[in-house]
Structures are given as C-alpha cells and as structure tokens.
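The values are calculated or read from the model by the stated rules, or taken from the named source; none is laboratory data. Given the structure is predicted, the values throughout are model-derived calculations rather than measurements. All Cβ positions, glycine included, derive from the backbone under ideal geometry; neighbour counts span all protein chains shown.
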Amino acid sequence: MMDPDTRNEENFRKASVYTSNSTYLSKSEGAPPMFLSVGENDAILPPTQTTDLVKLLDELNIENEFIPVPGAGHADPKIYDNITILTKMFSFVSRSCQ
C-alpha cells in the first residue's frame with residue numbers, strides 16, 4: 001500500500017528527478033524522443049510531474065509530444081483506448097525512429 005504522504009504533491013516535487021536541481025536528462029547524453037500523455041485528473045501521480053518534464057524536455061531541445069487528457073485519471077481507458085492518442089503516438093514513434 002502506498003504511504004499516503006507520498007500522494008502529497010510537495011513531496012513528489014522534492015523527490016522528483018524532473019524538478020530537482022540535478023536531472024538524468026541531457027541532450028548531450030543522447031536522450032531519446034518522448035511521447036507523453038497524462039490524465040488531468042490523475043490522483044496517483046500529480047499531472048504537474050508530466051508538465052514539468054515536458055518543460056524540461058523543451059528547455060533541453062529534446063524531441064517530445066505531450067497530450068493532456070481532460071477528465072482522465074491514472075491508467076485511464078480515456079488515454080489508452082483513445083484512437084486519436086494512439087494514432088498520434090504511432091505517428092510520433094514512426095517519425096522518431098527514422
């Protein structure tokens with residue numbers, strides 16, 4: 001069972017590699033392109049974790065595509081059963097692998 005304290009957004013931010021002073025992402029290290037989608041109502045991981053990562057990827061000029069999904073929660077079918085998102089994901093992967 002998850003410690004309820006870890007659901008606190010401030011605690012996530014303190015522990016996050018995305019928002020901490022050091023990060024594992026580096027353009028010079030050859031970071032891969034990333035496709036990210038997040039449910040805006042995710043109660044497990046704060047959606048700001050993903051938006052913070054997208055900002056960092058943009059700052060580092062790392063190729064990425066981000067799709068927020070209104071009304072979706074964590075691991076929600078509104079994300080993984082969504083033909084529009086799946087089509088965008090496959091297009092992104094196809095472009096990124098050339």
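See the values below:
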{"item": "Long-range neighbours under 8 Å by Cβ, at least six apart or interchain, first residue within 12 Å of F35 (Cβ to Cβ) within the stretch 81-98, second of a type in the set (S, T, N, Q)", "result": "I85/S37; M89/S37"}
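Table: residues versus (1) modelled with pLDDT under 90; (2) surrounded by fewer than 11 Cβ atoms within 10 Å (Cβ to Cβ); (3) part of a helix (DSSP H, G or I); (4) of a type in the set (V, I, T).
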residue	(1), (2), (3), (4)
M2	yes, yes, no, no
I62	yes, no, no, yes
E65	no, no, no, no
P68	no, no, no, no
